[in-house]
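Input: a single structure, listed below in structure tokens.
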Amino acid sequence: MNEEHDKIAPVLARLCDQDEPPLLMFDYDGTLAPFVVNRDLAYPYPESKTLLKELCRTTRARVVVVSGRPVADIARLLDLSPQPETWGCHGWERCTASGELVTGALPEEARDLLAHINSWFAEAGWDGQVEHKPASLALHWRGLGKAEQRRLENYARNKWADLADQQILQLHAFDGGLEWRLTNWSKADAVTTLMRESPFGMPVAYFGDDLTDEDAFRALPQGGVAVLVRDQYRKTEAELWLQPPGEMNAFLVRLLQRLQGRHGKILTGES
């Protein structure tokens with residue numbers, strides 16, 4: 001484990017040794033699952049999936065997945081029963097632990113603009129690189145050659161520059177592409193909502209890898225734990241850096257054991 005090892009013990013104490021069990025929020029792609037060329041096959045790391053399941057099953061921690069993907073994608077790929085609470089599309093969709101789905105209402109102007117942006121790539125023969133989400137549109141170039149990636153990105157940014165005066169959508173970069181989504185909408189909205197619902201002083205952590213997760217890191221309250229989960233370090237608001245899947249899973253093992261001791265559930269029907 002890298003030099004972050006010395007920071008782990010105090011972080012675990014902050015999360016596990018309080019009166020309230022923690023709120024644990026996890027990004028999906030790059031954090032719980034590896035990046036793959038075919039995004040429909042981005043299944044979680046097996047041990048990460050098992051540890052997430054055990055956190056839900058054996059501890060009183062509130063476990064939440066916060067992803068840029070639609071909720072339905074996460075449910076299919078993660079395939080846990082019961083499914084943990086999931087926020088999709090950067091917080092636009094919410095599926096509670098009881099299975100209730102709550103979504104925002106996309107303004108007609110935004111819907112029309114997303115359709116117009118989609119037409120750029122359909123006309124240029126890049127429609128296969130586009131992902132349609134309930135409240136955004138993502139352009140993916142993972143798996144393309146470097147020259148083709150640059151050509152696609154330059155094309156997208158040049159077309160977008162012609163619409164610089166509009167205020168309803170913003171363009172965001174992520175690891176492997178670009179995404180158009182509603183102005184001032186981000187994973188921070190999910191974090192702030194969850195914190196409002198939580199008891200005062202509840203420990204909280206957010207695990208994420210991408211630039212979109214920096215919004216969530218910044219939204220954490222004072223004392224919240226931001227964890228960058230990424231192969232290569234980059235400048236970040238996070239206080240702890242873990243490489244996936246090995247360091248991440250090693251941390252989750254210790255977190256699980258600590259929570260089982262301090263905030264474990266009483267499991268019935270087990271010997």
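Mind counting the residues in region 169-214 that are among the small types (Gly, Ala, Ser), surrounded by fewer than 21 Cβ atoms within 10 Å (Cβ to Cβ) and part of a loop (DSSP other than H, G, I, E, B)?
Residues that pass the stated criteria total 3.
Give me the residue from region 129-151 that is among the small types (Gly, Ala, Ser) and out of contact with any strand residue (DSSP E or B) (no Cβ under 9 Å at 6 or more places or on another chain) and, out of that set, farthest from Arg69 (Cα to Cα).
Here the residue is Ala147.
State all residues of region 242-271 that are among the aliphatic types (A, V, I, L, M), surrounded by fewer than 18 Cβ atoms within 10 Å (Cβ to Cβ) and assigned to a helix (DSSP H, G or I); if no residue qualifies, say none.
Selection gives Ala250, Val253.
Mind counting the residues in region 235-257 that are touching an Asp or Glu at 6+ places or on another chain (Cβ under 9 Å) and closer than 15 Å to Arg62 by Cα?
Residues in region 235-257 being touching an Asp or Glu at 6+ places or on another chain (Cβ under 9 Å) and closer than 15 Å to Arg62 by Cα: 2 in total.
Write out, first by first residue and then by second, each pair whose Cβ atoms fall under 7 Å of each other, whose residues are 6+ apart or on separate chains, and whose first residue, in region 216-241, is assigned by TED's automatic domain parsing to the domain that holds Pro34 and assigned to a strand (DSSP E or B) while the second is basic (Lys, Arg) and surrounded by fewer than 21 Cβ atoms within 10 Å (Cβ to Cβ).
Val225/Arg14; Leu240/Lys7
Check Phe251, Phe207 and return the single one that is farther than 23 Å from His90 by Cα and among the aromatic types (Phe, Trp, Tyr).
Exactly one of Phe251, Phe207 is farther than 23 Å from His90 by Cα and among the aromatic types (Phe, Trp, Tyr), namely Phe251.
For region 161-210, which residues satisfy the criterion of being free of Cβ contacts under 8 Å to residues at least 12 places away in the same chain, assigned by TED's automatic domain parsing to the domain that holds Val229 and farther than 24 Å from Arg262 by Cβ?
Within region 161-210, just Arg196 meets the criteria.
Please find, among Val102, Val63, the residue that is part of a strand (DSSP E or B) and more than 19 Å from Ala135 (Cβ to Cβ).
Val63
So that you can scan it fast, the table gives a plain yes or no per residue for (1) in contact (Cβ under 8 Å) with a residue 12 or more places away in the chain; (2) buried (at least 19 other Cβ atoms within 10 Å of the Cβ); (3) farther than 26 Å from Leu255 by Cβ; (4) aromatic (Phe, Trp, Tyr):
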position: Leu24; (1), (2), (3), (4): yes, yes, no, no
position: Pro34; (1), (2), (3), (4): yes, no, no, no
position: Pro44; (1), (2), (3), (4): yes, yes, no, no
position: Ser81; (1), (2), (3), (4): no, no, no, no
position: Pro84; (1), (2), (3), (4): yes, yes, no, no
position: Trp87; (1), (2), (3), (4): yes, yes, no, yes
position: Leu106; (1), (2), (3), (4): yes, no, yes, no
position: Ala115; (1), (2), (3), (4): no, no, yes, no
position: Asn118; (1), (2), (3), (4): yes, no, yes, no
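The values are calculated or read from the model by the stated rules, or taken from the named source; none is laboratory data. Here the structure is a predicted model, which means the values were calculated and not measured. Positions of Cβ are generated from backbone atoms using ideal geometry, with glycine treated the same way; all protein chains shown enter the neighbour counts.
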